[in-house]
Amino acid sequence: MRDWADRLADIARRAGDEIMTVYAQDFAVTEKADASPLTQADLAAHRSIVSLLPELDGGLPILSEESAHIEWPARRAWTRYWLVDPLDGTREFIKKNGEFTVNIALIDDGVPVLGAVYAPAMDWLLVGGHGIGARWQQGLQSGIARVVGAPNPLRVAASRSHRDTTTQAYLDRIGSVDTVGLGSSLKFCKIATGDVDLYPRFGPTSEWDTAAAQAILEAAGGGVFTLDGMPLRYNSKESLLNPHFIAVGDLSIGWRDWL
């Protein structure tokens, strides 16, 4: 698994290079059928990842946001596969605020067991998985990713582009919080490195948005839970939408008390 992690990190970086080539230029934005934005960078990163992953594993199935037409009868037979978001945070990419990521996860029986997240505009890479812990690298600096004990007030991540009234009501029930605005899977990553404590998500997300960062956060000692307290899992139903969830660092935080 550790060797796969190193090679997966390289694949994520190479996809990030493709993204930054587009980022440096003027680029067109189109809409998908669900009205979400799509750019040349999404497609270039997708092509890079799906061309390189078979060299790592010999041909496991790949489910990417840009190949989401794979139907449930085919997917339901998968026990081990790659789940990819080539460019998570396309809206942040379009805004050019740097808060977008490449997300690549290995799913085994519904569990994200290995993940790489790369924020190319920040040159910030995180990799983690079951049995290998989690680590980060930014430029010449590197370190171990570990969650920290919960401070008072809690530092709570909130989406820059998808804040909703249910989330605000949840924050109000917590009481005093320091709200940290972040885009893409960086919210999970900041929990994994001890910079944020909690990320409640009551709006829609897709499985490729969360899996890689969940693998990293769990390897760092945190977790991602559905509102009934169960770990978030994958490829268990026809829909690729996640249920509502809470990502948490210190597992002793009583996050269910505020539901």
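The values are calculated or read from the model by the stated rules, or taken from the named source; none is laboratory data. None of these values were measured; they are calculated from a predicted model. Virtual Cβ from ideal backbone geometry, glycine too; neighbours counted across all protein chains shown. The accessibility values were calculated without ligands, DNA or RNA, using every heavy atom of the protein model including side chains. Shrake-Rupley method; radii C 1.70, N 1.55, O 1.52, S 1.80 Å.
At-a-glance table
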| item | result |
| --- | --- |
| In order through the stretch 106-112: 3J(HN,Hα) via Karplus (6.51 cos²θ - 1.76 cosθ + 1.60), integer Hz, x for Gly, Pro | 9, 9, 10, 6, x, 10, x |
| Residue of A220, A121, A77 that the Gaussian network model of the chain assigns the largest fluctuation, springs spanning Cα pairs under 10 Å | A77 |
| GluC sites (Glu not before Pro) within the stretch 35-80: DSSP coil, no more than 16 neighbouring Cβ in 10 Å | E71 |
| Theoretical FRET efficiency, 1/(1+(r/R0)^6), r = Cβ-Cβ of L241 and D26, R0 45 Å, to 0.05 | 0.85 |
| Modelled label reach - D108, point 7 Å along Cα→Cβ, the stretch 1-40 residues with backbone N closer than 13 Å | 1-5 |
| Rounded to 5, the percent of DSSP beta bridges in the stretch 77-222 classed as antiparallel | 80 percent |
| Cα convex hull of the stretch 74-155 - mean projected area over all directions, nm² | 7.9 nm² |
| Centre separation in Å (Cα based) which lies between the stretch 138-192 and the stretch 8-34 | 25 Å |
| Beta bridges per DSSP with both ends in the chain, % antiparallel, nearest 5 | 80 percent |
| Rounded accessible area per residue of the chain, 1.4 Å, Å² | 42 Å² |
| Solvent-accessible area, 1.4 Å probe, carbon plus sulfur percent, for the chain | 49 percent |
| Those lysines that a straight Cα-Cα span of less than 22 Å connects to K187, excepting residues fewer than 8 apart in one chain | K95, K96 |
| Percent of C-alpha pairs per 5 Å bin, the stretch 1-102, short to long | 2, 12, 22, 22, 18, 13, 8, 2, 0 |
| Under Karplus coefficients 6.51, -1.76 and 1.60, residue-wise ³J(HN,Hα) of the stretch 69-86 in Hz, glycine/proline x | 6, 4, 7, 4, x, 7, 5, 5, 7, 6, 10, 9, 7, 9, 10, 10, 10, x |
| Diffusion coefficient, µm² s⁻¹, Stokes-Einstein with Kirkwood Rh over alpha-carbon pairs of the stretch 177-249 at 37 °C and 0.692 mPa s | 267 µm²/s |
| Added length on full extension, which subtracts the Cα-Cα distance from 0.36 nm per residue, K95 to T226 | 44.1 nm |
| Whole-Å semi-axes of the ellipsoid equivalent to the chain (Cα gyration tensor, √5λ, descending) | 26, 20, 19 |
| Translational diffusion of the stretch 151-216, µm² s⁻¹ [Kirkwood Rh, Cα pairs; Stokes-Einstein; 37 °C; 0.692 mPa s] | 270 µm²/s |
| The stretch 207-254 versus the stretch 63-110: alpha-carbon centroid distance in Å | 15 Å |
| Cα-derived Rg over Rh, computed across the stretch 108-228 with Rh taken as Kirkwood radius | 0.96 |
